[in-house]
Number of protein chains: 2
Amino acid sequence: MVNEEKIDKETAIMRIAPEQIDQLLHPTFDADELKKHEAIAKGLPASPGAACGEIVFSADDAATAKEAGKKVVLVREETSPEDLAGMVAAEGILTARGGMTSHAAVVARGMGKCCVAGCHAITVYEDEKCMEIAGVKYHEGDIISINGTDGNVYAAEIATKAPELSGNFGTIMKWADEIRTIGVRTNADNPRDAKQAVAFGAEGIGLCRTEHMFFEEERIPKIRRMILADTEEERREALAGLLPYQKGDFKGLYETMQGKPVTIRLLDPPLHEFLPKNEEDMKELSEQFNIPLEKIKAKTIELHEFNPMLGHRGCRLAVTYPEIAEMQTEAIITAALEVKKETGIDIKPEIMVPLVGIPNELKNVKKTIEETAERCFEEAGERLNYMVGTMIEIPRAALVADEIAEDAEFFSFGTNDLTQMGFGFSRDDTGKIIREYVEKGVLEEDPFQTLDQHGIGKLVKMAVNDGRKTRPNIKLGICGEHGGNPKTIDFCHRVGLNYVSCSPFRVPIARLAAAQAAIRNK
Amino acid sequence: MVNEEKIDKETAIMRIAPEQIDQLLHPTFDADELKKHEAIAKGLPASPGAACGEIVFSADDAATAKEAGKKVVLVREETSPEDLAGMVAAEGILTARGGMTSHAAVVARGMGKCCVAGCHAITVYEDEKCMEIAGVKYHEGDIISINGTDGNVYAAEIATKAPELSGNFGTIMKWADEIRTIGVRTNADNPRDAKQAVAFGAEGIGLCRTEHMFFEEERIPKIRRMILADTEEERREALAGLLPYQKGDFKGLYETMQGKPVTIRLLDPPLHEFLPKNEEDMKELSEQFNIPLEKIKAKTIELHEFNPMLGHRGCRLAVTYPEIAEMQTEAIITAALEVKKETGIDIKPEIMVPLVGIPNELKNVKKTIEETAERCFEEAGERLNYMVGTMIEIPRAALVADEIAEDAEFFSFGTNDLTQMGFGFSRDDTGKIIREYVEKGVLEEDPFQTLDQHGIGKLVKMAVNDGRKTRPNIKLGICGEHGGNPKTIDFCHRVGLNYVSCSPFRVPIARLAAAQAAIRNK
């Protein structure tokens, strides 16, 4: 219609509901590959896309497998709200019961995740961790592929193909980019996701979570060794073993991003998250490192926290164990120096300190970062520019943002945690309460889906204004899931953030929503 | 000197360090009683006062016993920061090692708790839960008495006598009351504490925690029955069993307070806190109620929370289970009606809704309260005035205080939780981090000791201003431990709170600190 001059670009942009785009953005099976396989069952095409991975039968197993770097398909009789974390972790969801508006179907569509629902040919034996289709049993760990676009289920590994944006879709996105004034970055911590996001139009990485890198099979023993260390020396030795991996990770990201900004967040979760949870794994660890089992158990007890969300994590780790921040800084800086040397691309890493609530925390960690960077420059005989900034995710950080901005060159709003602490809602625990609140009209919307502009948004606005007062050119962004939510993007545009950052598959949605925000608030 | 007209009252008041008073405020042994006993050992008089109770050998046991309504003396080889919660729970602390500046001594003095330290005659066998003095073994549960003023230890139950304020001390306090403009209330949930506080000059109860009443031996089975109920009907039946107890509690408080204001907070902790923790107790419960053990275990798992601080507690319980708030309201109102009838004293209960972060939460619970109160008035054929207000303890509550004030007749700042959520510091987990921060200069002071005026104080000020904008005559107070801290009281005076509320033994300190604040900020 624009080509026929019936409507203008802005009108066209405003006519598209951002969430509609979602359907165009999902991976599909490679057509040639698909021909080689026959479906073993067919269910309802509940949410588009293609997924392939090991079968798991519980949300917990899905989350654990994901942490271990595995791709899984979550198979359930039916899903319930308690399965949410597992659904997030899985590549796709397959249910034996339920229709197009079942929990699995609705939630999967909401998160843009492939789902085949109501596949009645399946009998699920959750306790035995297996399922049966036409007399054949499939166990946990077996590979299946599911097609959310036609409902087919395959007992095979079928390669998936990332979607490509082209034609009219590409044109619309181009218009959106012309109109929008707020940047769109992505949350990615590996080259694959980063590449996908760039293909979708991401202009940088707004959040690279470094802890995901520690969970990989070869690395987890090293971080465990570090946690179990008795002395700083032992800790440094274990960290030295992690350094090459981290450096490799960052080089991969820099190369993929080709000079686009990359924000890397220092280690965030509490250390106990890395320790084994059950006796068997503890025994294995004990043998692996020749450390008494009792000591491992004692460490687990020592690190136990009643409220880990409010515990020893984020920059608090870097204050207590500066050697962790040193290793990460060294990896970030030397990787950048090497990529610059190898490719000629000028890399300007943005080092992000998480969970700052006290200006001195940032000062303390910044000192560690700067000293380490200087050492790296001296050793390399070469320098580069980098930035140090912080997450604003603790309510107090928003209250003293003017002081934090003295040391922070950028703020990235971690609205997940800001919502958790601002509302006093643990996301892991209050899903049920929030649903009840929405049903009873106590809350209009789930504040983890759409930012609560009225309350939490007030903290964001304060931090934006106070931060800019101290440092007029401070760079302001939002990472975390709100960054891909159209209503929240409208808010971010209005309060004057420089960019939003969201998961790769939401980047086009964010580009469109950003353009709509620009038009709406002209 | 004032009597000699050398200095005026204000100068006299300003010359006293509030913390000095602390030493005059502790219980002592009844002198006649004391003569009947001989000490079994003598240690250092590390912190004044007298204590008597069952021996416990770990902080956890102290806390558990306290919850069960027992009085205990915590006996340790030495205490460490991990023992803090146990020290708070115990009547007194006895250590075998350490001097006048040992951890036990310093901390006990800080909290005004009786402590005998470095009692070398004692050998502590923590694993066996016993101690040996001169060849005699004393086990967990045995009664001892300790005198923190002279260091004596007795293997007997010796009655303690509450301190009395009189003479010069009384005169100074009278002057303080003439000068101060901010009220001083107390936190108390039983007539004994309330009486003590009134003797110390408390002008009302600022915080009555109703959950303490549920932990008593006769009542805990009833609340457990309620939690395990499958239907609202079963829940109501169990609650009906608790009603007479709660009503009795409140009558006792009203009678003691003789018409002084009493603020009663509705049930606050998450329900899992009331369930048994170990298998043995679960079995007992299973037999008691003829409920399958598996069901009790399943309930425990269902109620488990990863971050209970941010979980299903406070007013969220009242929204989900209005019948709990109904029972408590009925107890509050009918107790007041009965005391009014019996004594002629006009009681005006202040019903406090905890953990409000969303204005609709208060609206929802207020409706339950009002409907229940109306029903009680109709049944009694008589009415009385009561108030409904809220804690401001969730950061978001401070951000939307203008709206909350539409329904709240008073705000009580719960600065403990406001500090926990505002800083993202779980008090149970971050003691070590905060000490490290103070040592490294990241923090000037422990924000749980003295309110962080700069950050958390900003939230308090916002709520004060916005609350008064909506409701000019809104009553504003602070409960929680900051309410007895002199620096915090100065802040409360400056921001214009109507009262502070603190533990009974800190009431005189608060009166003096309030007078000093009035003089300092004239």
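In segment A:51-86, which residues have a backbone nitrogen under 13 Å from the label point lying 7 Å from A:E157's Cα in the Cα-to-Cβ direction? In segment A:51-86, the label zone of A:E157 (backbone N under 13 Å from the point 7 Å along Cα→Cβ) covers A:52-55, A:70-72. Distances from A:H120 to itself in the other copies, using label points 7 Å out along the Cα-Cβ axis, amount to 8.5 nm in increasing order.
Over segment A:16-109, calculate the relative contact order: mean separation of alpha carbon pairs under 8 Å at least 6 apart, over the residue count, as a percent. Across segment A:16-109, relative contact order equals 25 percent. Karplus-based coupling profile of segment B:113-122, in residue order and whole Hz: 10, 4, 8, 10, 10, x, 8, 5, 5, 8, with θ = phi - 60° in 6.51 cos²θ - 1.76 cosθ + 1.60 and x standing for Gly or Pro. Using Cβ point charges alone (K and R +1, D and E -1), the dipole size of segment B:85-133 about the Cα centre works out to roughly 300 debye. May I ask you to list the lysines whose Cα is less than 26 Å away from that of B:K363, ignoring any residue fewer than eight positions away on the same chain? Cα-Cα hits under 26 Å: A:K432, A:K440, A:K458, B:K247, B:K348, B:K458, B:K461, B:K469, B:K475. Residues of segment A:29-50 with an amide N closer than 16 Å to a point placed 7 Å from the Cα of A:A134 along the Cα-to-Cβ direction: A:36-43.
The mean sequence distance of close C-alpha pairs (under 8 Å, at least 6 residues apart), as a share of the length of chain B, puts its relative contact order at 15 percent.
Basic side chains Lys and Arg get +1 at the Cβ, acidic Asp and Glu get -1 at the Cβ, and with that the dipole of chain A about its Cα centre reaches some 1680 debye.
Distances between equivalent label points of B:E232 across the copies, with each point positioned 7 Å along Cα→Cβ, amount to 6.2 nm, shortest listed first.
Of all aspartates and glutamates in the structure, the ones whose alpha carbon falls short of 13 Å from that of A:K260, not counting any fewer than 8 places away in one chain, are A:E203, A:D346, A:E350. Within straight-line reach of B:K161, meaning a Cα separation under 19 Å, sit the following lysines at least 8 residues removed in sequence or on another chain: B:K35, B:K36, B:K70, B:K71, B:K113, B:K195. Put a plus charge on the Cβ of each Lys and Arg, a minus charge on the Cβ of each Asp and Glu, and nothing anywhere else: the dipole of segment B:59-114 about its Cα centre is then about 260 debye. Since only A:A408, A:L418, A:Y386 are under comparison, the one whose Cα sits farthest along the positive direction of the charge dipole of segment A:379-466, derived from C-beta charges on Lys, Arg, Asp and Glu, is A:L418.
For segment A:348-398, relative contact order (Cα pairs under 8 Å, six or more residues apart, normalised by length) works out to 66 percent.
For B:N278 and B:K42, the difference between the fully extended length at 0.36 nm per residue and the C-alpha to C-alpha distance is 81.2 nm.
Got a sec? Charge dipole of chain A, +1 on Cβ for Lys and Arg, -1 for Asp and Glu; which of A:L253, A:I93, A:A331 is way out at the positive end? Of A:L253, A:I93, A:A331, it is A:L253.
Along segment A:225-241 the Karplus relation, 6.51 cos²θ - 1.76 cosθ + 1.60 evaluated at θ = phi - 60°, assigns HN-Hα couplings of 4, 5, 5, 7, 5, 8, 10, 4, 4, 4, 5, 4, 5, 5, 5, 4, x Hz to successive residues, with x for each Gly and Pro.
Given R0 = 22 Å, the distance between the Cβ atoms of A:T450 and B:T470 translates into a calculated FRET efficiency of 0.25. Per residue, the convex hull spanned by the Cα atoms of segment A:46-91 measures out at 70 cubic angstrom.
Comparing segment A:341-409 with the 2.2 N^0.38 Å rule of thumb, its C-alpha radius of gyration ratio is 1.28 (two decimals).
Extension gain, B:A199 to B:E342: 0.36 nm times the residue separation minus the Cα-Cα distance gives 49.1 nm.
Extending 7 Å from Cα along the Cβ direction at B:D32 and again at B:E439 yields two label points whose distance is 5.2 nm. Close amide H contacts of A:I205 (hydrogens built in the peptide plane, cut-off under 5 Å, sequence separation of 5 or more or a different chain): A:T186, A:V262, A:T263. Distances between equivalent label points of B:P191 across the copies, with each point positioned 7 Å along Cα→Cβ, amount to 7.8 nm, shortest listed first.
Karplus-based coupling profile of segment A:247-261, in residue order and whole Hz: 4, x, 4, 5, 4, x, 5, 4, 4, 5, 7, 6, x, 5, x, with θ = phi - 60° in 6.51 cos²θ - 1.76 cosθ + 1.60 and x standing for Gly or Pro.
A cut-off of 5 Å between modelled amide H atoms, ignoring neighbours fewer than 5 places along the same chain, links A:M391 with A:V353, A:L355, A:V356, A:S412. Within the shell of other residues whose beta carbon sits under 15 angstrom from the beta carbon of B:K522, the net charge comes to 0, with Lys and Arg scored +1 and Asp and Glu -1.
Using only the Cα atoms of segment A:146-258, build the gyration tensor, take square roots of its eigenvalues as a ≥ b ≥ c, and label the shape rounded, prolate or oblate: rounded if a/c is under 1.5, else prolate if a/b is larger than b/c, else oblate. Oblate.
Each of A:F505, A:N521, A:I489 was placed along the dipole of segment A:480-522 (beta-carbon charges, centred on the mean Cα), and the one lying farthest toward the positive end is A:N521.
Since every read-out is calculated from the coordinates, none of them should be taken as a lab result. Nothing here was measured: the structure is a model prediction, and the numbers come from that model. All Cβ positions, glycine included, derive from the backbone under ideal geometry; neighbour counts span all protein chains shown.
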